[in-house]
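Beneath this line is the structure, given in structure tokens, with notes to follow.
Where a number appears in this text, it was derived from the coordinates with a stated rule and is not lab data. Keep in mind the model is a prediction, meaning the values are calculated, not measured. Methodologically, a virtual Cβ is constructed for each residue, glycine included, from the backbone with ideal geometry; neighbour enumeration extends over all protein chains shown.
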Amino acid sequence: MINGLRIKKFQSHEDSYFRFSPFVNIIQGLSTVGKSAVLRSKRLLIDNRPSGGKFFSNFAGPKGETEVEFELDNGSVKITKDIRINKVGKKEVKATHYFLKTKEGEFTFTGIGESVPDQVSNLLNMSELNFQRQFDVPFLISSSTSSGEIARTINRITK
């Protein structure tokens, strides 16, 4: 379970920390305050997306680092991306690093491209089912969902 989320130098977040309850959490606020950036940062950590430097904050400067970290019951997972502004003024990702803290120890993964290390995926154990997006259907199992889709979803959740 996610206990906390830290976002540093990502979109509108210079250094933000969110503490979560063990039940349902809702992020709400006025337009342009960073709600979508919270969801995008979650996707960055879980899926290593979006790729490229488009969504990275100017807080990182011309040579900086952005980071997103989940505090979990069983440890923590952090991704950092080294951001640089190239000669034509476009933001680029120069390096990606994952840091895991578990009861077994601390681990670092560097230079993984756009993939996510299996150890990270296993520790997080999350998918798109764990987060509701702005325009998603309100309920996972709705009247328009087929029994086959319900079974596939349950199998995905329970592995």
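Before moving on, here are some points about what is shown:
- Centroid-to-centroid, using Cα positions, the stretch 7-67 and the stretch 81-123 are 15 Å apart.
- Using just its DSSP H runs of length 4 or more, each adding -39500 (n - 2.57), the chain gives a mean residue ellipticity at 222 nm of -6000 deg cm²/dmol after division by all residues.
- Residues of the stretch 79-112 with amide N under 12 Å of a point placed 7 Å along Cα→Cβ from Asn122: 104
- Taking every C-alpha pair closer than 8 Å and separated by at least 6 residues, the mean separation divided by the residue count of the stretch 2-126 gives a relative contact order of 23 percent.
- Of the GluC sites (Glu not before Pro) found in the stretch 36-113, those in coil by DSSP whose Cβ has at most 13 other Cβ atoms within 10 Å are Glu104.
- Amide H to amide H distances under 5 Å link Ile112 with Thr96, where only residues 5 or more positions off or on other chains count and H is placed in the peptide plane.
- Taking amide H atoms as placed 1.01 Å from N in the peptide plane, the amide H of Glu14 lies under 5 Å from those of Lys9, each 5 or more residues away in sequence or on another chain.
- Among the listed pairs Lys9/Lys91; Lys42/Lys103; Lys63/Lys103, those whose Cα-Cα separation exceeds 25 Å are Lys63/Lys103.
- If a spin label sat at a point 7 angstrom from the Cα of Thr110 along the line to its beta carbon, the backbone N atoms of the stretch 30-72 nearer than 19 Å would be those of 63-68.
- Sorting the segments 85-91, 47-53 by their mean number of nearby beta carbons within 10 angstrom, highest to lowest, gives 47-53, 85-91.
- Its convex hull of Cα atoms gives the chain a direction-averaged projected area, equal to a quarter of the hull surface, of 11.0 nm².
- Largest GNM mean-square fluctuation across Ser147, Ser41, Ser12, computed for the chain with C-alpha springs under 10 Å, falls on Ser147.
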